[in-house]
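The values are calculated or read from the model by the stated rules, or taken from the named source; none is laboratory data. It should be emphasised that the depicted structure is a prediction, and the values quoted were computed from it without experimental measurement. Here the Cβ positions follow ideal geometry from the backbone for every residue, glycine too, while neighbour counts run over all protein chains shown.
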Amino acid sequence: MLVVKLLMSVEVQAPPNAAEDGNLPEKQNEDGEGGIQQPDQMQKTLLNLVFRSMKRTHDMFSNDYTTFPELSEKDLNALKSVKKRCEYGSVIRHVEEAKKRREQELLKLPASQPSIGIGSVVSSSDGPLAITDGTGKPVTSAAPQGQILNTLPVGSSSSRSEDNTTRSLLPLRAPMMVKPKWHAPWKLYRVISGHTGWVRAVDVEPQNQWFASGGGDRIIKIWDLASGKLRLSLTGHISAVRAVKVSPRHPFLFSGGEDKQVKCWDLEYNKVIRHYHGHLSAVQALTIHPTLDVLITCARDSTARVWDMRTKAQVHCLSGHTNTVSDVVSQAAEPQVVTSSHDATVRLWDLAAGRSMCTLTHHKKSVRSLVLHPRLYMFASASPDNIKQWKFPKGEFMQNLSGHNAIVNSLVCNEDGVLVSGGDNGSICFWDWRSGFCFQRIQTKPQPGSIDSEAGIYAMCYDKTGLRLITGEADKTIKMYKEDDEAVSCGFLNLFINVFL
């Protein structure tokens, strides 16, 4: 409108030589002679052009051309029918068939079966879905509600759950949560010092009299389990010791380190009697087969190797991982070997064929530790995202254990189902294996002279009774935990009620 007012207020004047130059159109006078167009007519022409431009702008920006026209009820029903046929045409018939099949099953109920009382479904002259009062007689809608309730015979068989036809038709629902088993809390009772480097490996001998530890100081130390005193020190590795394992059937101790060496120590003579050569990088973990004279090791070269314990020969090279193989466990049943890797996978191996049977890719981050349950046909794997439980032999996923927000370096489990996870931040979580409930958390404290970042758990093991827990930590100490004998289960019940109910 401002443009229109300006145009109306401005008087358009033609230049003096406009007609001669041909810039203004000529028009015929009343006498038929050509003349120059008047300023009023030019103003009207400009106004006409301005209004046309405004109308086009209004039509372009004001009208909503994307709006669909309103549909009638008939059109809506047709649209719903087409959508129903296109999207659910392959399964819609199953719904109708299920309804008909259920009605037929209800109509075919045996006559000798006792009625279920109020709300039972019978076949009668009043229709296929008549409501009875518990005696087989249909109840009319005119009867008052109180009278219907009073007609139910006391002590009738309708109160039994096995005769409740309506309830039997409903699918049984599995319990939402498994009630955790009560476990006594654990407490620290001993701290052992002696290593001058991070303690990276611990293991208890079969007679439960001593345990071995290895660390960043390149020394393997033998400790008395009862008193915690040092018995023996074994030297031979030229780099950090990452794994130690005591043979349950031989007087041997096996060790692996970052020097790529795997050594077999004769504990009768306290010296190395065999070397197993083949790994191209640091050895991360090792294990001994429970029934065969076979040693399995894993390393940063992305492989796990199977060795003949006696001849030192390499039986298999288990390749398939694409990053460091961090842990390996072995059992007598199939699959006999399980490995975890920093490539976020867990592999189950056929030991006889030397090939992978299954690859578990559920983890999203590196898997650093594995543990077998002592009695159940299951195992667990630890990763910074979750601790996952699996079922043999196909590696079926069972459940997640969430809440340990750290890089879990070690897992152990005893026969009572107490799963323990140790993190790089010094946190220790105690879990009930069956329910996945974390019933205790302990934050380890670094020893005087150590910085806070050295409060890390790198190795753990139970003694043979499962009543003492041994941890190897970054503050160069070995800590021992045991169950609190004075603990009672009342506190656990209160905790369970507060958390879950």
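I need the full set of residues from the stretch 382-398 which are touching a Ser or Thr at 6+ places or on another chain (Cβ under 9 Å) and of a type outside the set (A, V, I, L, M), in order please.
Listed by number, the residues that qualify are 383, 384, 385, 386, 388, 389, 390, 395.
Residues 165, 140: which one is out of contact with any Leu (no Cβ under 6 Å at 6 or more places or on another chain), crowded, with 16+ Cβ neighbours inside 10 Å and either at pLDDT below 65 or over 30 Å from residue 244 (Cβ atoms) (or both)?
Residue meeting the stated conditions: 165.
If we keep just the residues of the stretch 358-372 that are under 14 Å from residue 321 (Cβ atoms) and of a type in the set (A, V, I, L, M, F, W, C), which is surrounded by the most Cβ atoms within 10 Å (Cβ to Cβ)?
Among them, the one singled out is 367.
Can you confirm whether the stretch 440-447 contains a residue that is of a type in the set (Ser, Thr, Tyr) and buried (at least 22 other Cβ atoms within 10 Å of the Cβ)?
Yes; the residues of the stretch 440-447 include at least one that is of a type in the set (Ser, Thr, Tyr) and buried (at least 22 other Cβ atoms within 10 Å of the Cβ).
Somewhere in the stretch 271-279, is a residue closer than 20 Å to residue 240 by Cα, within 35 Å of the chain's Cα centre (by Cα) and in contact (Cβ under 8 Å) with a residue 40 or more places away in the chain?
No, the stretch 271-279 has no match at all.
Filter the stretch 310-323 for residues that are surrounded by fewer than 21 Cβ atoms within 10 Å (Cβ to Cβ) and in contact (Cβ under 8 Å) with a residue 24 or more places away in the chain; which is farthest from residue 389 (Cα to Cα)?
In this case the residue turns out to be 312.
If you go through the stretch 194-238 one residue at a time, how many are touching a Phe, Trp or Tyr at 6+ places or on another chain (Cβ under 7 Å) and among the hydrophobic types (A, V, I, L, M, F, W, C)?
Result for the stretch 194-238: 11.
Got a number for residues in the stretch 383-407 being hydrophobic (A, V, I, L, M, F, W, C), over 14 Å from residue 438 (Cα atoms) and touching a His at 6+ places or on another chain (Cβ under 8 Å)?
Of the residues in that region, 1 qualify.
Each row is one residue, and each column tells you yes or no for (1) in contact with a Phe, Trp or Tyr (Cβ under 9 Å, 6 or more places away or on another chain); (2) charged (D, E, K, R); (3) surrounded by fewer than 18 Cβ atoms within 10 Å (Cβ to Cβ).
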residue: 326; (1), (2), (3): no, no, no
residue: 381; (1), (2), (3): yes, no, no
residue: 386; (1), (2), (3): no, no, no
residue: 390; (1), (2), (3): yes, no, no
residue: 399; (1), (2), (3): no, no, yes
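Could you pull out every one of the strands (runs of 3 or more DSSP E) wholly within the stretch 368-434 that has 3 or more residues that are over 18 Å from the mean Cα position of the chain (by Cα), closer than 21 Å to residue 468 by Cβ and at pLDDT 95 or above?
Answer list for the stretch 368-434: 408-413, 418-423, 427-432.
Which residue out of 214, 194 is over 38 Å from the mean Cα position of the chain (by Cα) and either crowded, with 16+ Cβ neighbours inside 10 Å or at pLDDT below 95 (or both)?
Unique residue meeting the criteria: 194.
Restricting attention to the stretch 447-462, does a residue exist that is free of Cβ contacts under 8 Å to residues at least 24 places away in the same chain, under 28 Å from residue 334 (Cβ atoms) and not charged (D, E, K, R)?
Scanning the stretch 447-462, I find no residue that is free of Cβ contacts under 8 Å to residues at least 24 places away in the same chain, under 28 Å from residue 334 (Cβ atoms) and not charged (D, E, K, R), so the answer is no.
Say whether the condition of being buried (at least 17 other Cβ atoms within 10 Å of the Cβ) and charged (D, E, K, R) is met by at least one residue in the stretch 276-298.
For the stretch 276-298, residues buried (at least 17 other Cβ atoms within 10 Å of the Cβ) and charged (D, E, K, R): absent.
Conditions tested, residue by residue: (1) part of a strand (DSSP E or B); (2) of a type in the set (A, V, I, L, M); (3) in contact with a Gly (Cβ under 6 Å, 6 or more places away or on another chain).
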{"position": "274", "(1), (2), (3)": "yes, no, no"}
{"position": "304", "(1), (2), (3)": "yes, yes, no"}
{"position": "307", "(1), (2), (3)": "yes, no, no"}
{"position": "311", "(1), (2), (3)": "no, no, no"}
{"position": "322", "(1), (2), (3)": "no, no, no"}
{"position": "335", "(1), (2), (3)": "no, no, no"}
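Would you pick out the residues in the stretch 228-252 that are more than 17 Å from residue 266 (Cβ to Cβ) and among the small types (Gly, Ala, Ser)?
Within the stretch 228-252, 228, 239, 240, 243 qualify.
Give me the pairs: first residue in the stretch 332-348 and of a type in the set (Lys, Arg), second residue buried (at least 21 other Cβ atoms within 10 Å of the Cβ), beta-carbon distance under 6 Å, and six or more apart or on different chains, which are they?
Close Cβ pairs satisfying both conditions: 347/339.
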